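Visitor: Let me give you the structure first, and then I'll get to my questions.
The values are calculated or read from the model by the stated rules, or taken from the named source; none is laboratory data. These numbers were taken from a predicted model, which means no experiment stands behind them. Glycine gets a Cβ as well: all are built from the backbone with ideal geometry, and neighbour counts include every protein chain shown. These area figures cover heavy atoms from the full protein model, side chains too; ligands, DNA and RNA do not enter into them. Shrake-Rupley method; radii C 1.70, N 1.55, O 1.52, S 1.80 Å.
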Amino acid sequence: MTCVSPPAPASPTASTIAPGSPWKLRYGLIFAGQSLSLLGSALTQFVLLWWITDTTGDISALATAGIAALLPQAVLSPLGGTLADRYSRRLLMICADLVSALCMVVLIALFLSDSVALWQVYTMLTVRSAMQAFQAPAAGASVAMLVPPGFLPRAVGLSQTVQALMTVAAAPLGALAISILPMGWALGIDVGTALLGIVPLLFLRIPQPRVAREDRQGLWREFRTGLAVVTSNPGLLRLYLLLGGVVLVIMPAFTLVPLLVKEYFGGGAPQVGFMEAMAGVGMIAGGMFVTAIAPRHGMPWVLLGFGASCATLALTALVPPTLFGVAVFWWGLSGAAFIAGNTPLTTLLQSTIPNHLQGRVLSLLNMVMALAAPVGLALATPLGEAIGVRWLFVAMGVAGTLVSLSGFLSPALRKLDRPQK
């Protein structure tokens, strides 16, 4: 057995920005294109989940859709991260977005011909999830190469804010789209936004760390090098395990929220859209708050933010069914708490992991969370059928809170973002 040692310490985000270069324009165009693509994907997710909810009203059907949308990404993420560190990240992003758009074209044709079946929707979700395994690590590792190191925290904050804005806009736009358009044409919005995301990548270069051909290792060995970065750092390893635990118990809530609104609160697509939009408003407020505070040590914020997000999710389901507005308030507060934890987490990871390893190391985190999510859905399905969707939300919120706060019991985790003496 060949021993793989962790890499020697390196500058995590060595600048590749030449003085006087138009990096702001390049970053802005790529960022704008990817944001529009994100909006289309979020809108599509809302439309498809509501279609499944309205068509079946079944926890198992929604859980299957969630597994189809998550499991392929989990399995393929290590390969995607390794390829993102080895080959052109820009080309990987283009190809992944293009395949996803083609899958949506097939689904549009099935809806317009009135011949769509659940298994076909699951298949398209599976392929799109597989493409995310290649697109996500390539995009994540590209950020630090597009901006100077001093701008990286702002770039992360800007990304979080835009994701929140997408959450605000996607659900209401999805509800509006399916109210005035046939399902097929509503899904067509995703194809258009995907193409808008691809266009800037066709003309703009993304800098990438270069490794001489003679210094390249095999794919498996390169993957193990990224794995060694995580396993050799006790704090980073515990962080990965904790995030996997949180996702395991809490992720089913985001797939099953349409069912909670329909069955417990007696609402429809507009109510689901309003609830999701308020979560986005909360995320914007949380992001602005964290940006203003600029915490010096992010780990306490990560643990408290995720814990509070899970606790308020449980409170959402504890509200009486006649007080939907109060439930929306708690759901929005959950979004604010989540972003207050996620923004310091993203900054911590991107500022401490060497860029030439970010694709592999971040893909490992994607793999851990993406594997935990379908396992959580599989476990939540029989529990939800036994106790009902309302009490399932309560149980998930309480469990997620306890898992998040358990991180304070780990000294290695608490001092992960503190300078090493």
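Visitor: Scan the range 205-218 and tell me whether some residue there is at pLDDT 85 or above and assigned to a helix (DSSP H, G or I).
Guide: Kept after step one, since they are at pLDDT 85 or above, are these residues of the range 205-218: none.
Scanning the range 205-218 turns up no residue that is at pLDDT 85 or above and assigned to a helix (DSSP H, G or I).
So that you can scan it fast, the table gives a plain yes or no per residue for (1) under 27 Å from Ala74 (Cα atoms); (2) at pLDDT below 85:
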| residue | (1), (2) |
| --- | --- |
| Gly280 | yes, yes |
| Ile284 | no, yes |
| Ser309 | yes, no |
| Thr347 | yes, yes |
| Leu357 | yes, yes |
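Visitor: Let me ask something additional. Quick one: how many residues across the range 314-331 are crowded, with 20+ Cβ neighbours inside 10 Å and either at pLDDT below 90 or small (Gly, Ala, Ser) (or both)? Working first, answer last.
Guide: Let us first name the residues in the range 314-331 that are crowded, with 20+ Cβ neighbours inside 10 Å, namely 314, 316-317, 327-328, 330-331.
Narrowing further to those that are either at pLDDT below 90 or small (Gly, Ala, Ser) (or both): 314, 317, 327.
Result for the range 314-331: 3.
Visitor: Let me ask something else about it. State which residue pairs qualify: first residue closer than 15 Å to Ala277 by Cβ and inside the range 322-350, second residue modelled with pLDDT of 90 or more and open to solvent by 30 Å² or more (accessible area, probe 1.4 Å) in any location, beta carbons under 7 Å apart, and separation of 6 or more residues or different chains.
Guide: If the second residue must be modelled with pLDDT of 90 or more and open to solvent by 30 Å² or more (accessible area, probe 1.4 Å), the pairs left are Trp330/Leu315.
Visitor: On the phi < 0 side of the Ramachandran plot, open to solvent by less than 30 Å² (accessible area, probe 1.4 Å) and modelled with pLDDT under 80: which single residue out of Ser363, Ser351 fits that description?
Guide: Values: Ser351 fails: open to solvent by less than 30 Å² (accessible area, probe 1.4 Å).
Just a single option satisfies the conditions, and that option is Ser363.
Visitor: Inside the range 89-198, counting only helices (runs of 4 or more DSSP H) that do not spill past its ends, which hold 3 or more residues that are modelled with pLDDT under 75, open to solvent by less than 50 Å² (accessible area, probe 1.4 Å) and not basic (Lys, Arg)?
Guide: In the range 89-198, the matching helices (runs of 4 or more DSSP H) lie at 118-146, 152-180.
Visitor: Say we look at the range 243-276 and pick out the residues that are of a type in the set (Gly, Ala, Ser), part of a helix (DSSP H, G or I) and surrounded by fewer than 22 Cβ atoms within 10 Å (Cβ to Cβ); which of these is farthest from the chain's Cα centre (by Cα)? Talk me through it step by step, then tell me what you get.
Guide: Taking the range 243-276 and keeping what is of a type in the set (Gly, Ala, Ser), we get 244-245, 253, 266-269, 273.
Now drop any that are not part of a helix (DSSP H, G or I), which leaves 244-245, 253, 269, 273.
Checking which are surrounded by fewer than 22 Cβ atoms within 10 Å (Cβ to Cβ) leaves us with 244-245.
Numbers: Gly244: 13, Gly245: 16 Å.
Restricting to residues being of a type in the set (Gly, Ala, Ser), part of a helix (DSSP H, G or I) and surrounded by fewer than 22 Cβ atoms within 10 Å (Cβ to Cβ), the top hit is Gly245.
Visitor: Which residue pairs have Cβ atoms under 7 Å apart, sit 6 or more places apart or on different chains, and have a first residue in the range 65-85 that is touching a residue at least 40 places away in the same chain (Cβ under 8 Å) and in a helix (DSSP H, G or I) and a second that is of a type in the set (Val, Ile, Thr) and open to solvent by 20 Å² or more (accessible area, probe 1.4 Å)?
Guide: Close Cβ pairs (under 7 Å, with a partner that is of a type in the set (Val, Ile, Thr) and open to solvent by 20 Å² or more (accessible area, probe 1.4 Å)) amount to Ala68/Thr126; Pro72/Thr126.
Visitor: Does the range 228-242 contain any residue that is in a helix (DSSP H, G or I), within 18 Å of Leu392 (Cβ to Cβ) and open to solvent by less than 10 Å² (accessible area, probe 1.4 Å)? Spell out how you get there, then give the answer.
Guide: To start, the set of residues in the range 228-242 that are in a helix (DSSP H, G or I) comprises 228-231, 234-242.
Those left that are additionally within 18 Å of Leu392 (Cβ to Cβ): none.
There is no residue in the range 228-242 that is in a helix (DSSP H, G or I), within 18 Å of Leu392 (Cβ to Cβ) and open to solvent by less than 10 Å² (accessible area, probe 1.4 Å).
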